[in-house]
Every structure is written in C-alpha cells, then in structure tokens.
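Below is one structure, written out as structure tokens; comments come after it.
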Amino acid sequence: MMRRIIVPLDGSTRAEGALLPAAHLARATGGALFLVRATMLPMEYAWISADTTMILADAMEAEQKEAQDYLNHVLTFPCLEGLGVSTSVVQGDPATVILEYAQQEEGDLIVLCRHGKGEAKRWLLGSVAQKVARHSQVPVLIFHEEDALPMLSTNWGMSVLVPLDGSELAEEALQPAIELSQAFSPADTATLHLLCVLPLFVQYGVTDKEEPPLMHEAQRYLKELEERLLRECPPTLHLHLTSSLRCDIEVAQAILDASAKGHLADQNIPGCECIAMATHGRKGLARWAMGSITERVLSETKRPLFIVRPTSIRKMHSGFHRFHEGDSKNGKTQEEWQQPFVGLF
C-alpha cells in the first residue's frame, strides 16, 4: 500500500506538478506526504576559498532558510489541505539525498515531475528523475512536464498499461499497478491492459517457422495471467483486464505506441493514461532486458511512468551495499557482488 509518499521539490512550478496527484494518492490510501527540498552550494559562491568559511557558512544558511520558507509556502497549497504533510530540507546532491530521505522515512512511493527547472542555480529535475528512477528501491511515479493530467474526480479513471516479457520479475509491476489504478479510479475499480511484445531478433535464432509457436506460447501466457489475476482479485474490487500481443523489433516503441494510440496489430484498444514497468526482467519468454527498455520509455513518453523495483533485485542491491559496509563473511569478492547488476537499468 502506497501510504508514505515522498515528493521531491526544487522550487519550480513544474516540480510542483507532482503535488496534486501525490495528494490525491494520499487521500485515496489514507497516507501522508513527505516533501523534501535538496540544497547545494549556490553557484555564485563556488569560487570561495577555504579561508572564507564564515562567508560560505552564511551563504549555505541563507540557502537553507530560503528552502524552508519555500516549503512552508507550499504547505498553504489548497490541494494539501487536511493531509498529514512533513517537510525537510537536506543538503547534498539532489538524487542522492532523495534516495536517502526515502529510505530514512521508510517511503512507499516517490512521486516527482521531471524536467522541472528553476533558476540557473537550481538543480534540474529531469536528470534527477532519471537517477532516482534508476536507483530507487521503492516504486517511483514520474510525471512529464507536459502531462495534461485530467481533473481528479470520481468520474475519472486511470487505465494502466503493464508491459510484460513473461518473467516473474516483470510481473512484479502488476499488483502495484492495480493499486495505482484503483487510487485514481472510481471506488473499488481498477483497469489494466497487459501488453506482451515479442522482439523477433535474428540473433535469437527465431525463424518464420518458429514464430507461430512462440506467439501461441505468449498468448497462452497472457490468458493464464488474466485468469490468475481475476482469481486472486479481492471480491470487493472490480478489476477490468484486457491484453494484447505484438511482434516488433522495437520493444520500447511498441510500448510507447500502445500507450499513446491504443492500436496493436489488428486490435483496437483504448489508450492508457499511465505505464507501469518493472525495471528488470531478463529471463522471460521474450528475453528482452526490461531495464534498458524502461530507460528508453522514460526518456520518450509523455505519460506518467510508474517504475517498480522487483523484490529479488532489491535484495541483491542490499547485499551489494552490505559488501561495501564490510560484510564479507561469505567470502565474496567485490566482482562477485557486482555481477548480478550487469545490464540492470
């Protein structure tokens, strides 16, 4: 359940675009918001030598005060009325402090708007969003600066597109996607479209004769997955499911087309308001690396992108950090710890 929601802000109105959907999520889940503002040394003071520490300290204190004053102003926004909201100003590299803050506050979700930028001395949320999405251990919901988010009313529902490659890792985006759709939809409803893209690359050895059996396997997979989701769905939830299969050498483009146009092969499906993806799924039936696909979709989509880190990947990541903290009791080398991360997003 997404109840502890982290919202990074950089002082720009574009970054503030994440506040409305984050507030809606908090109300839908009975959760709270945690607003964080990262501060760095103002550019105009970068030339100051170590001998002028007092001037530097004054500059940093002024920056901290300005950031806190800004967050206090944000607290007056109408969309936050009645919600539990905490604010923090943290000094350091924006992406790093956002990730550390999310861990410290035991966040369930990070919501941000990419490409937000203020004055020249401010940090750019475009690159920060990409770094946060790549390394976050909790789900990240990213809105584009050009998102025209519909009015959040009881008459509006969010249809979520979930790309799958046949792996259990990719499927870990399903349950969070259902929760997200439910939070943005009329009471007790959720709408998902399951998309399986088969990348028929020559190097994979797929020939024209082998294509139909592979497609048959993918179609069977989608059908069985739909049946399982409906079977496991709580009786109080009305889950609307559709699915489609596409063969395309450009997996990311197929996902982008499906979300924007809703036209797949000889099927016509409604476009989806959001894309939900796991960051890694490389042993599935289609054998495409979900991580690199996620990165391309993030860079090109104009729709909200919901990125989920699979549990097994989070555990490997934790093991990697334990190595750096001196936990070498298993006798593993640094290279052995790093090996599982080859090819990750």
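The values are calculated or read from the model by the stated rules, or taken from the named source; none is laboratory data. Predicted, not measured: the structure shown is a model, and the values here were computed from it. Glycine also receives a Cβ, built like all others from the backbone with ideal geometry; neighbour counts cover every protein chain displayed.
The figures follow:
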{"item": "Hits in the stretch 5-41 - residues which are in a strand (DSSP E or B), β-branched (Val, Ile, Thr) and modelled with pLDDT under 95", "result": "Thr39"}
{"item": "Candidate set from the stretch 43-65 (those that are under 28 Å from Ser136 (Cα atoms) and surrounded by 15 or more Cβ atoms within 10 Å (Cβ to Cβ)); member that is modelled with the highest pLDDT", "result": "Gln64"}
{"item": "Residue match in the stretch 274-289 (condition: in the same structural domain as Leu256 (by TED's automatic domain parsing), part of a loop (DSSP other than H, G, I, E, B) and at pLDDT 75 or above)", "result": "yes"}
{"item": "Close pairs from the stretch 296-310: first part of a loop (DSSP other than H, G, I, E, B), partner polar (S, T, N, Q) and at pLDDT 85 or above, Cβ under 8 Å, at least 6 apart", "result": "Thr301/Ser259; Arg303/Ser259; Arg309/Ser136; Arg309/Gln137"}
{"item": "Ile98 being modelled with pLDDT of 95 or more, under 21 Å from the mean Cα position of the chain (by Cα) and either hydroxyl-bearing (Ser, Thr, Tyr) or crowded, with 19+ Cβ neighbours inside 10 Å (or both)", "result": "no"}
{"item": "In the stretch 150-170, the residues that are more than 16 Å from Ala276 (Cβ to Cβ) and either surrounded by 24 or more Cβ atoms within 10 Å (Cβ to Cβ) or modelled with pLDDT of 55 or more (or both)", "result": "Trp156, Gly166"}
